[in-house]
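What follows is a set of notes on a single structure, which appears directly below.
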Ligand code: TYM
C-alpha cells in the first residue's frame, strides 16, 4: 500500500517555493493515500550552523506552517525528525552503505560547499544518506518534492538497492519521487534562472509565508520581467524565464494548467497581469500566515502535536529498524 513521506528543513522561514513545490501538494496527497508522514528535518538543518534559539523557533513555525496550510494532524503524522530516533539510527547504517563517490556527485553538496569543501561539516556531506533513512525507515513508497530534490531521491534508490543486494534481501522498497505540477521549480523574483530560496541574500527575490499583503504585492510589482506582453501559448514562454515563472506561480496558486491561464491572460501587459497575480497571492497566502501567527501564540500546543506525532511514527519505525538490525547481524533485544 502506498505510503507518503516528505520533509522540510527548519533552517529559516518558509518560502512560496516550499509552499507550491512541497506543502500544497502534501495537503492534496494526505487525502489520496492511506498514510502520510510529514517531517521537520532539524537534524538536516544543523548540517550548517543554526543558532539554537532560531532553530527552536523555526521548527515550531514550520509545524505551524504545515498545519495552517491544511495538513491535519488527524489525517497525517506530523513529526520533528530528532524526536524519532530511528531516523538517525538507520542513517548510520546507510552511512556504511553509501559510497564516497556517490556523495561527491551530489550537486546540492557541491553548491552548498562551494570552494570551501574542506571546511563544511561532515554532516553536510552525509546529508543524503540521512535523507534516505528518513524515507526508508517508513518503507515509504512516494515522496512529493520540488525538482531540486530529484538527485537525492535517485540516491535513496541506490542505497536501498545496494542494501538489498549486499544482504541478499528484498527489504527496502524502491521509492518513487512525485515531482508534479506547474511549480516544481519556483524561481527567484529577481532572476528567472535562479531558484527561489530562503538563503538568497535578497529578500525581494522571494515571497516568505510570513510576508503581509503589502509586502507580497510590492515584491510582485517589482518582480523582474521582460518588456513584452504575455503570450497566449506555452511556446511563447520560450527563452523568457521571468515570464514563465510568474505564469507558473499563477497557475499553481489558482490550481489551473499553464495552458488554461495563458488562454485567459495572453496579450496582457505585465502592468495588468502583476496586480492580478498579487491579488491572487494575497488571497491564498494571507489566511495561511494569519493562522500561522495564531498557532505560534500557543507553542505548547504545537509541542503536544509533535509529541503525539512522534509516538505514532515510532510504531512504524521501531519494527523496521529492529528488522534492519537483524538483517545486518546485530544482537537484538532479549
Ligand atoms: P528543503 O527544506 O530545501 O525544501 C523543502 C521542499 O521544498 C521544495 N522547494 C521548492 N520547490 C519548488 N521551487 C522552489 N524554489 C523550492 N525550494 C524548495 C524542495 O524541493 C522540498 O521538497 N533535503 C530536503 C529535506 C528532506 C527531505 C527528506 C525531503 C530531508 N529528508 C526526505 C523529502 C524526503 C530539503 O532540503 O528540502
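Scanning region 7-50 for residues that are touching a residue at least 12 places away in the same chain (Cβ under 8 Å), farther than 17 Å from residue 71 by Cα and away from the ligand (no atom under 12 Å from the Cβ) yields 46, 50. Looking at 200, 211, just one residue is assigned to a loop (DSSP other than H, G, I, E, B), free of Cβ contacts under 8 Å to residues at least 24 places away in the same chain and either surrounded by 17 or more Cβ atoms within 10 Å (Cβ to Cβ) or under 22 Å from the mean Cα position of the chain (by Cα) (or both), and that residue is 200. Pairing each residue of region 252-267 that is more than 23 Å from residue 23 (Cα to Cα) with any residue that is in a helix (DSSP H, G or I) and at pLDDT 95 or above, provided the two are 6+ apart or on different chains, yields C-beta distances under 6 Å for 265/273. Residue 304 falls short on exactly one of the conditions (1) under 24 Å from the mean Cα position of the chain (by Cα); (2) free of Cβ contacts under 8 Å to residues at least 40 places away in the same chain; (3) not assigned by TED's automatic domain parsing to the domain that holds residue 64, and that condition is (3). The residue of region 214-232 that is farthest from the ligand (Cβ to nearest atom), among those that are part of a helix (DSSP H, G or I) and buried (at least 16 other Cβ atoms within 10 Å of the Cβ), is 217.
Selection of region 144-168 for residues being surrounded by fewer than 23 Cβ atoms within 10 Å (Cβ to Cβ) and not in a helix (DSSP H, G or I) yields 145, 146, 168. Of the residues screened, residue 100 is not one that is surrounded by fewer than 21 Cβ atoms within 10 Å (Cβ to Cβ), within 20 Å of the chain's Cα centre (by Cα) and at pLDDT 95 or above. Of the residues making up region 23-45, those that are in contact with a helix residue (DSSP H, G or I) (Cβ under 9 Å, 6 or more places away or on another chain) and under 18 Å from residue 149 (Cα atoms) are 23, 24, 26, 37, 38, 39, 40, 41, 42, 43, 44, 45.
The values are calculated or read from the model by the stated rules, or taken from the named source; none is laboratory data. All of these numbers come straight from a predicted model, not from anything done at the bench. Glycine gets a Cβ as well: all are built from the backbone with ideal geometry, and neighbour counts include every protein chain shown.
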